[in-house]
Amino acid sequence: MTEHENKTAKLLVHLGITRPEELTALFADLRGRFDADCACAQDETSWKQFRDAWLGRKSGVLTQITDNWLKPAGAELKRAVGAALNELRAHVESRIEARRLAIESGSEESALARERVDLSLPGVIRPIGSHHLIRQVFQEIEDIFFSIGFSIVEGPEIETPYYNFEALNIPEFHPVRDDMDTFYLELPKGAKPPLLLRTHTSPMQIRTMEKQKPPVRVIVPGKVYRRDNPDATHSFAFHQIEGLAVDTDITFCDFTGTIEYFVKQFFGPSVKTRFRPSYFPFTEPSVEFDVSCPFCGGTGTSTASRSPMETSASGTCSKCKGAAWIELFGAGMVDPAVYGFVNYDAKKVSGFAFGIGIDRLAMLKYGIDDIQVFFQNDVRFLRQFP
Ligand code: PHE
């Protein structure tokens, strides 16, 4: 209990005060105590207690003064008490309000300080994935062809026999269909047309030419399917990039020049290319492109190879198995018969097409000996190609 509380609980007569002059010291003392107490109200709770102690209706100091000092006082004293009380009330009220504002802004500041984001903290590291090696090789090849004016198109993996075979000059009973053991979809009885998983990306040659008049220069990256038993070099799903260029004046030279440019960009400038006659129903003439083995410098032996990994104990290059050449992909000049399916004038246009097997290329370039790892999604493999 502080002294002023005691005093305000008593009547003025009991304090021995009978004349107005004697009030001055009394009120000055009260005011001093108020100021001291006020500084102690540092937070909302203590401020509320402080406010109630002074302004509380029932037993606040000001109420006590009114009840014990003002009301019982005689006329002369009453006027003086009233004036002093008013002055004190004005002081108390304004200081209490000022204190409230100070506490409020102070608590805002401390809340801000508490909630401030510390940008120097290390942060949450979320693991992000990386491109699958196959996608990376796609990208590499796309970039090369993109840089010489090809655009990239994609097509459906579920195809009709028309696009996968017939329009590519492969009629229903053509023996070449045997080369591509095909997955047919099980459809409700009588459903037409039959559907299959495309066995190559070549159907997009047809779809592109149906949509677009020459000049055409596209590549088609994608997944293809053939019924094969899985082993180190076979998978029922694999990847190809189809290429097609058709215009009014495309020659065999443009064709070989383009392929050579691609191969040198992909394997390095020192490789050589060669082509051998081959057969595809939708190209004529058809060729098989080879590249001089980039790993043994086209020697077939281990002596010129770049690393011990690429050689076998016997002294032959393990990549080309001593052949000095590596078979790369099939290609050819577009067979005029194909133009008939897309309403191109075979007398006016010419072009070339190629189909690159991505998995084999990736295996060669990155020294991978089992195609199955591309499909197993084992992160220990994937992480080696970030
Ligand atoms: N589509 C052929 C295959 O998958 C490859 C190819 C494409 C050949 C384009 C010639 C022209 O075997």
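The values are calculated or read from the model by the stated rules, or taken from the named source; none is laboratory data. Model, not experiment: these values are computed from the prediction. Neighbour counts run over all protein chains shown; Cβ positions are idealised from the backbone, glycine included.
For the range 68-81, a residue qualifies if it is farther than 21 Å from Gly32 by Cβ and touching a helix residue (DSSP H, G or I) at 6+ places or on another chain (Cβ under 9 Å), and the qualifying residues are Lys71, Pro72, Ala73, Leu77, Lys78. Just one of the listed residues (Arg114, Arg95) is basic (Lys, Arg) and touching a helix residue (DSSP H, G or I) at 6+ places or on another chain (Cβ under 6 Å), namely Arg95. The set of residues in the range 360-386 that are outside any helix (DSSP H, G or I) and closer than 21 Å to Val224 by Cβ comprises Ile368, Asp370, Ile371, Gln372, Asn377.
Cβ-Cβ contacts under 8 Å between residues 6 or more apart (or on different chains), taken from a first residue in the range 46-60 that is over 21 Å from Asn86 (Cβ atoms) to a second residue that is hydroxyl-bearing (Ser, Thr, Tyr) and at pLDDT below 90, are absent.
For the range 151-167, which positions are out of contact with any helix residue (DSSP H, G or I) (no Cβ under 7 Å at 6 or more places or on another chain) and either farther than 19 Å from Phe238 by Cβ or assigned to a helix (DSSP H, G or I) (or both)?
As a first pass, look at the range 151-167 and keep what is out of contact with any helix residue (DSSP H, G or I) (no Cβ under 7 Å at 6 or more places or on another chain): 151, 154, 156-158, 160-162, 166.
Within the range 151-167, Ser151, Thr160, Pro161, Tyr162, Glu166 meet the criteria.
Which count do you get for residues in the range 316-342 that are of a type in the set (Val, Ile, Thr) and under 41 Å from the mean Cα position of the chain (by Cα)? The total comes to 3.
Residues checked against (1) out of contact with any strand residue (DSSP E or B) (no Cβ under 6 Å at 6 or more places or on another chain); (2) over 15 Å from Leu364 (Cα atoms):
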{"residue": "Ala245", "(1), (2)": "no, yes"}
{"residue": "Asp249", "(1), (2)": "yes, yes"}
{"residue": "Thr256", "(1), (2)": "yes, yes"}
{"residue": "Glu260", "(1), (2)": "no, yes"}
{"residue": "Phe280", "(1), (2)": "no, yes"}
{"residue": "Ser286", "(1), (2)": "no, yes"}
{"residue": "Pro294", "(1), (2)": "yes, no"}
{"residue": "Gly298", "(1), (2)": "no, no"}
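Name the one entry in Glu142, Glu186 that is acidic (Asp, Glu) and in contact with a strand residue (DSSP E or B) (Cβ under 6 Å, 6 or more places away or on another chain). Give the steps one after another, and end with the answer.
Working: Glu186 fails: in contact with a strand residue (DSSP E or B) (Cβ under 6 Å, 6 or more places away or on another chain).
Glu142 is the lone residue from the list that is acidic (Asp, Glu) and in contact with a strand residue (DSSP E or B) (Cβ under 6 Å, 6 or more places away or on another chain).
You will find that of Met209, Met204, the residue that is more than 27 Å from His132 (Cβ to Cβ), within 38 Å of the chain's Cα centre (by Cα) and hydrophobic (A, V, I, L, M, F, W, C) is Met209 and no other. Counting only residues that are in a loop (DSSP other than H, G, I, E, B), more than 10 Å from the ligand (Cβ to nearest atom) and crowded, with 20+ Cβ neighbours inside 10 Å, how many does the range 279-297 have? Residues that pass the stated criteria total 4.
Which count do you get for residues in the range 236-257 that are among the hydroxyl-bearing types (Ser, Thr, Tyr) and either within 13 Å of the ligand (Cβ to nearest atom) or assigned to a helix (DSSP H, G or I) (or both)? If you could, list the steps in order and put the result at the bottom.
As a first pass, look at the range 236-257 and keep what is among the hydroxyl-bearing types (Ser, Thr, Tyr): 248, 251, 256.
Checking which are either within 13 Å of the ligand (Cβ to nearest atom) or assigned to a helix (DSSP H, G or I) (or both) leaves us with 256.
So the answer is 1.
Filter the range 260-277 down to the residues that are surrounded by 15 or more Cβ atoms within 10 Å (Cβ to Cβ) and either hydroxyl-bearing (Ser, Thr, Tyr) or within 11 Å of the ligand (Cβ to nearest atom) (or both) and list them by number. Across the range 260-277, the qualifying residues are Tyr261, Thr273.
Does Gly357 count as modelled with pLDDT under 95, within 16 Å of the ligand (Cβ to nearest atom), under 29 Å from Glu210 (Cα atoms) and crowded, with 18+ Cβ neighbours inside 10 Å?
Values: modelled with pLDDT under 95: yes; within 16 Å of the ligand (Cβ to nearest atom): yes; under 29 Å from Glu210 (Cα atoms): yes; crowded, with 18+ Cβ neighbours inside 10 Å: yes.
Here the answer is yes, as Gly357 does meet what is asked.
Picking from residues in the range 360-386 that are among the hydrophobic types (A, V, I, L, M, F, W, C) and within 16 Å of the ligand (Cβ to nearest atom), the one that is nearest to Thr283 (Cα to Cα) is Leu361.
If you go through the range 217-235 and pick out every residue that is away from the ligand (no atom under 12 Å from the Cβ), part of a strand (DSSP E or B) and over 21 Å from Val287 (Cα atoms), you end up with 1.
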